[in-house]
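Each remark here refers to the structure printed beneath this line.
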Amino acid sequence: MPVCYVPNWKNSMAKGFKLYSLPIDERNARRKVWLESLGGENISQNAKICKVHFSQSQFENERLDRR
């Protein structure tokens, strides 16, 4: 079961937390912000971050791709 990648956090889907995947596209500006915030470039593509590390303003209300 995936857990939050942030050090010292053990939040997981099993505990009822929503987890978000690292943006995939290497040229994505959002991915660069995630990597800087997590402290490095050598982060697994499978890394997940739990919802508690985001503010409500960081979520899109309606995505154009409907995902």
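Restricting attention to the range 27-49, the residues that are among the acidic types (D, E) and surrounded by 10 or more Cβ atoms within 10 Å (Cβ to Cβ) total 1.
Here's the yes/no breakdown for (1) farther than 14 Å from P2 by Cβ; (2) modelled with pLDDT of 80 or more:
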site	(1), (2)
K15	no, yes
K32	yes, yes
G40	yes, no
A47	no, yes
N61	yes, no
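Could you check the range 10-26 and list, in sequence order, the residues that are under 21 Å from E36 (Cβ atoms) and loosely packed, with under 15 Cβ neighbours inside 10 Å? Within the range 10-26, S21, I24, D25, E26 meet the criteria.
Yes or no: V6 in a helix (DSSP H, G or I), under 12 Å from the mean Cα position of the chain (by Cα) and surrounded by 10 or more Cβ atoms within 10 Å (Cβ to Cβ)? No, not satisfied. Evaluating S44 against the criteria (1) outside any loop (DSSP other than H, G, I, E, B); (2) touching a Leu at 6+ places or on another chain (Cβ under 9 Å) leaves one unmet condition, (1).
The values are calculated or read from the model by the stated rules, or taken from the named source; none is laboratory data. Nothing here was measured: the structure is a model prediction, and the numbers come from that model. Glycine gets a Cβ as well: all are built from the backbone with ideal geometry, and neighbour counts include every protein chain shown.
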